[in-house]
Ligand SMILES: Nc1ncnc2c1ncn2[C@@H]1O[C@H](COP(=O)(O)OP(=O)(O)OP(=O)(O)O)[C@@H](O)[C@H]1O
Ligand SMILES: [Mg+2]
């Protein structure tokens, strides 16, 4: 697992000895888990099938590429007592499926993503990737964090190259160079390749983080509010760019977002979380629009607004309960 951002303790060395690292051979206890309990209602929004949208090639498959079973996570409070953040999380993600997770602040979305990344350990329950228990970070899952996480003493090109060097060690030098160039071009950063992070804009930094994540060819892309820090115009462009890339490469993706429009535009299913503490999956909505998607076309459909309102009402309901 190459980190695109803090937590900093996983970075080794000082500024001069910059190396990305991932924990190897970290032995964690195998926890007992119970049989999965379906604690949410999976809602197939069949009424949203839009005549105006091409629905011939649904991309999402429900096979169990990533399996989350009866996940429970608690942390210790300052006074020593345990508080439950997540409970009874059950979710399967297909190998070509794009999932968004939405929920109010503090409900445990980042915690869930970090557990899938192997950066955080669940208190009980099981997470498997291709049938293998996730116990630590790995290059098969690549994380894109909200706040870029670029190494400031390296150029754009070097930031991507470092990840490639770390993970794809068996590639020849020429192949590494062409892989980096390919991914720079993919996110339109070829002309900024030799600039340092403090010489480029926020949107460009985020594109470096995304290119770096994609360059190591992970089986699963994990994104924690990847567009959250960007202005609306840049956010829209970058959403389209990431979706275009994903549509061409088709891998499993799990994205945390606060933005319902972003979730509908990009994902195949939307996981709606209840509020914390002890947050769980409230509902899972299927997005009935096939890929490739055209945002304009989606917005012209009645189904888009019905789905959007449904998700917003769910979030409002939980927000109101909190007040
Ligand atoms: N390492 C930690 N130690 C103790 N408590 C933690 C730790 N990490 C997260 N928490 C707590 O767990 C809860 C969930 O945090 P998390 O960051 O997962 O929420 P989130 O849904 O991602 O919120 P946001 O939308 O604001 O990013 C919060 O109450 C948070 O304070
Ligand atoms: Mg978060």
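What do you reckon, is residue 305 more than 16 Å from ligand 2 (Cβ to nearest atom), in the same structural domain as residue 67 (by TED's automatic domain parsing), in a helix (DSSP H, G or I) and farther than 22 Å from residue 142 by Cβ? Taking the combined requirement at face value, the residue satisfies it.
In this structure, does residue 226 turn out to be out of contact with any helix residue (DSSP H, G or I) (no Cβ under 6 Å at 6 or more places or on another chain), within 16 Å of ligand 1 (Cβ to nearest atom) and closer than 22 Å to residue 185 by Cα? Spelling it out, residue 226 is indeed out of contact with any helix residue (DSSP H, G or I) (no Cβ under 6 Å at 6 or more places or on another chain), within 16 Å of ligand 1 (Cβ to nearest atom) and closer than 22 Å to residue 185 by Cα. Give the range 246-259 a look and list any residue that's crowded, with 20+ Cβ neighbours inside 10 Å and within 16 Å of ligand 1 (Cβ to nearest atom), or say none. Once the filter is applied, which keeps residues that are crowded, with 20+ Cβ neighbours inside 10 Å and within 16 Å of ligand 1 (Cβ to nearest atom), the range 246-259 yields 254, 255, 256, 257.
Residue by residue, here is whether (1) in contact with a strand residue (DSSP E or B) (Cβ under 8 Å, 6 or more places away or on another chain); (2) closer than 17 Å to residue 209 by Cα; (3) within 16 Å of ligand 1 (Cβ to nearest atom) holds:
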position	(1), (2), (3)
120	yes, no, yes
128	yes, no, no
157	no, yes, no
170	no, no, no
174	no, no, no
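Being closer than 21 Å to residue 243 by Cβ, under 17 Å from the mean Cα position of the chain (by Cα) and in contact (Cβ under 8 Å) with a residue 40 or more places away in the chain: is that true of residue 143 here? So residue 143 passes the test. Residue by residue through the range 183-201, note down the ones that are closer than 16 Å to residue 214 by Cα, touching a helix residue (DSSP H, G or I) at 6+ places or on another chain (Cβ under 8 Å) and part of a helix (DSSP H, G or I). Scanning the range 183-201 gives 183, 184, 186, 190.
In a residue-by-residue description of the range 260-277, the property of being surrounded by fewer than 20 Cβ atoms within 10 Å (Cβ to Cβ) and modelled with pLDDT of 95 or more applies to at least one position. Would you point out the residue of the range 290-309, among those that are over 13 Å from residue 266 (Cβ atoms) and without any contact (Cβ under 8 Å) to a residue 60 or more places away in the chain, that is surrounded by the most Cβ atoms within 10 Å (Cβ to Cβ)? Among those residues, the one meeting the criterion is 308. Picking from 272, 285, 222, which residue would you name as being in contact with a strand residue (DSSP E or B) (Cβ under 8 Å, 6 or more places away or on another chain), assigned to a strand (DSSP E or B) and away from ligand 2 (no atom under 16 Å from the Cβ)? Answer to the check: 285.
The values are calculated or read from the model by the stated rules, or taken from the named source; none is laboratory data. In this text, all values refer to a predicted model and were calculated from it rather than measured experimentally. Ideal geometry is used to build each Cβ from the backbone, glycine not excepted, and the neighbour counts take in all protein chains shown.
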